[in-house]
Structures are given as C-alpha cells and as structure tokens.
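Below is one structure, written out as structure tokens; the observations come after it.
The values are calculated or read from the model by the stated rules, or taken from the named source; none is laboratory data. Quick caveat, the model's predicted, so the values are computed rather than measured. Cβ coordinates were reconstructed from backbone atoms using ideal geometry, including for glycine residues, and neighbour counts include every protein chain displayed. Remember, those area values only see protein heavy atoms, side chains included, never the ligands or the DNA or RNA. Shrake-Rupley method; radii C 1.70, N 1.55, O 1.52, S 1.80 Å.
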Amino acid sequence: MTIVVTGATGNVGGKVLRRLLAAGHPVRALTRDPSRAELPAGVEVVRADLDLPDTLPDALEGARRVFLMALGHNKRTHDANLVAVARKTGVEHIVQLSTLGVEEVDEEHDTPLGTWHRQAENALRESGLGWTILRPNGFMTQALGWAPAIRGEGVVRSPVADLPEALIDPEDIAEVAVRALTEPGHTGRAYALTGPAALTAREQVAALGEALGRPLRFEQISVEAHRAILAERYGEATAAGVAKALATVLESGDDFRGRLFPDLERVLGRPGRSFRDWASAHAAHFA
Ligand SMILES: NC(=O)c1ccc[n+]([C@@H]2O[C@H](COP(=O)([O-])OP(=O)(O)OC[C@H]3O[C@@H](n4cnc5c(N)ncnc54)[C@H](OP(=O)(O)O)[C@@H]3O)[C@@H](O)[C@H]2O)c1
C-alpha cells in the first residue's frame, strides 16, 4: 500500500524515502518541483505544495500512510492543510516530524518554535486519524552549516558554546519513522528522540577536528549574529523563532536539550548513532 513521503527531496524525508524503497514498500514522493527532485528510480513522484491545499488530494489519492514534515513557521498551517485533506482521502495513519520541547516546555515559557510544533501536533491529534509523533532533539546535520567556515578558516562560530545537547543523527529519526509507518504498535505514541550523549558545541567542534585530523577554533558569537546567519539560510521568520528559543535557553541556563530519553533505544533496540561516528562519516564535507 502506497506511503506518501513529504520532504522527500530533503534531509529526514529523503532518508525515510530511501529506507522505505530499500525495504520494498511502494512510495510516493511529494515535491513542489518534480523536474528538480532527482529521486531514485522506482519512486512515484507527485507535484504538490503543502501551502496550496488544492494540490493535495491528488497527492494523497489511494495512500493510507503519510510521513509528514514541514518547515519552521509554516509548520502549523502546512501540517493542518495536509491533515485536513488526509481525513477526506482515506489516509489512516500519519507519522509526524515534530520537535523536542513541545512537552518539556510549558506553554507559559514557550517559544515560537515550540508553539508552531504544538499547534501542528494538535491538528493531527484532533483529526481522528491514527498518529505517531516524532520529537527529535537538534539534528547532527546542523553542523553542516559550519562546513564553509571550517573549510575556509578552520573556525566555528556559534552562540551556544557550553550548552550540552543530545543531538540526533537524522538517519536514526528516519529509521524510527519507517518503523512507525510499517509496523504495528506505534499508534498514539509520541517519541522523544535523542542521541546517545549530550555534547556542547565546543565538544562537537573538537570531535570534528579529530575526524579531520586538525584542530579547529571555536568563537562564541551573539544570538543576534547567529540569527542573521540563519535568516540567510531559512528566512527571517524561522530565524527569529530559533533565535528566541536559543536566547530563552541561554538566559535560563535550564535546558531539556541535554537530557537523554530512552524512546529511540526502545524502538530500535540499540542506542542512537554518536556524534563522533557522524563526524567521521561526514568528514569529507568539512575537509
Ligand atoms: N534542524 C533541527 O535541528 C531540528 C530539530 C528538531 C526538529 N526539527 C524538525 O525538522 C524539520 C526540518 O526537517 P529536515 O531537515 O528534514 O528539512 P529539510 O530537508 O531542510 O526540508 C526541505 C524539504 O521541505 C520540502 N518543502 C519545503 N516547502 C514545502 C512546501 N511548501 N510544500 C511541500 N514541501 C515543501 C522540500 O520539498 P521540495 O523542495 O521538493 O518541494 C524539501 O524536501 C523542522 O522544520 C522541524 O520541524 C528540526
């Protein structure tokens, strides 16, 4: 039975798609531009836009399961758009990419990032469809944003020097997503997904230096300077949401992001992949 994958040309969705394909499941990739999608052979590709609900019925036609992701400030509307159409086209189960913090931060101390994801989760929970919610900590792949400065100057600039974060390898998120899409026992579950250890940004940079065989410098920058860098990559609204979340954490010094949760190991039967292993596997991006 066809499984629809959103974000199929991207990071987590791309990994979900390839894993489903390798396991022999029929998959349909949703993309805004099939001509640029460059997806593997054997994938059915449909043009659709989560921002344009009229494009979604054809994309979901005949599908019973969906992997749902959306970006930043669009999360609440894009997820709600897909959920509303899915209810009408016969989708039975949606595996939703959310974020850690939805449950760990109370609404009074919430940040835009938390609010967007909480609203997206509520749209799914209240839909009457089957659901599994994945709440990952920060992705190890975020470190790829450091690659140009590491290659060019051997330096990493970040506002979070000493904040421990149990970052997760997106491959592990994809593996959990595929389990939830294809196995029984995950309906009505929300999984807090973390890596096996909490590392500060300085420790991540040291691990990258080891993988590269050369020491790297670390420079702490302000949250505002970081916001400006993010804005170039993700747009102003998402950058402002991320910056607000970071500023809140740095002011309070109290963060859920350093906590280790057991859910990933319970689902996969093994601990998550480590940052050191991720750094070794991706060293070529930084060399
Ligand atoms: N980054 C982190 O550290 C972190 C931590 C916790 C949770 N998260 C969650 O993970 C999400 C990011 O996941 P990711 O890294 O896998 O994302 P990503 O790869 O950067 O996302 C890109 C994908 O989004 C699709 N897309 C963008 N706009 C679209 C639209 N209007 N309609 C349909 N598809 C659209 C693109 O499809 P096309 O271009 O092919 O149309 C592309 O496949 C965040 O939004 C957040 O919810 C992230």
Jot down the radius of gyration and Dmax of the stretch 1-136, Cα atoms only, both in angstrom.
14.5, 48
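What does the charge add up to near L208, with Lys and Arg as +1, Asp and Glu as -1, over the other residues with Cβ less than 13 Å from its Cβ? Kindly include the intermediate steps, with their values, before the conclusion.
Working: positive: R151, R202, R214, R217, R276; negative: E203, E210, D277.
The answer is +2.
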Counting sequence-distant residues (5 or more places) and residues on other chains, those with an amide H built under 5 Å from that of T200 are E165
Can you spot the lysines whose alpha carbon is less than 26 Å from K15's alpha carbon? Ignore those fewer than 8 places along the same chain.
K75
Of the residues V160, V91, V43, which exhibits the maximal mean-square fluctuation in a Gaussian network model of the chain defined by a 10 Å Cα contact cut-off?
V43
Carbon + sulfur, % of accessible area of the chain - ligands and nucleic acids excluded, 1.4 Å:
49
Quick one: net charge of D49's neighbours, Cβ under 14 Å, K/R +1, D/E -1?
-2
Scale the Cα Rg of the stretch 199-286 by the rule-of-thumb value 2.2 N^0.38 Å and send over the ratio, two decimals.
1.31
For every helix of n ≥ 4 consecutive DSSP H residues, a contribution of -39,500 (n - 2.57) applies; sum these over the chain, divide by its total residues, and give [θ] at 222 nm rounded to the nearest 500 deg cm²/dmol.
-12500 deg cm²/dmol
At what distance in angstrom do the alpha carbon centres of the stretch 78-135 and the stretch 204-264 lie from each other?
24
Using amide H atoms built 1.01 Å from N in the peptide plane, name the residues 5+ places from R189, or on other chains, whose amide H lies under 5 Å from its own.
I133
Which ³J(HN,Hα) values in Hz, rounded to whole numbers, follow from the phi angles of the stretch 111-125 under the Karplus curve 6.51 cos²θ - 1.76 cosθ + 1.60, where θ = phi - 60° and Gly and Pro get x?
10, x, 4, x, 4, 4, 6, 4, 5, 5, 4, 4, 4, 6, 4
In cubic angstrom per residue, the convex hull of the stretch 118-257 built on its Cα atoms measures 134
Could you work out how far helix 236-252 tilts from the main Cα principal axis of the chain, as a 0 to 90 degree angle to the nearest 10?
50
Around A231, under 14 Å between beta carbons, what's the net of Lys plus Arg minus Asp minus Glu among the other residues?
0
Taking 1 over the mean of 1/r across every pair of different Cα atoms in the stretch 139-201, what Kirkwood radius in Å do you get?
13.9
Radius, Kirkwood style, for the chain when every pair of distinct Cα atoms is counted (Å)
19.6
GluC sites (Glu not before Pro) within the stretch 119-190: DSSP coil, no more than 11 neighbouring Cβ in 10 Å
E126
The whole-number value in µm²/s of the Stokes-Einstein translational diffusion coefficient for the stretch 1-70, with Rh from the Kirkwood sum over alpha carbon pairs at 25 °C and 0.890 mPa s, is 208
So how far, in whole Å, is the C-alpha centre of the stretch 170-198 from the one of the stretch 1-66?
19
Calc'd 3J(HN,Hα), the stretch 174-190, phi into Karplus 6.51 cos²θ - 1.76 cosθ + 1.60 (θ = phi - 60°), Hz, glycine/Pro = x, comes to 4, 5, 5, 4, 5, 4, 5, 7, 10, 10, x, x, 10, 5, x, 10, 10
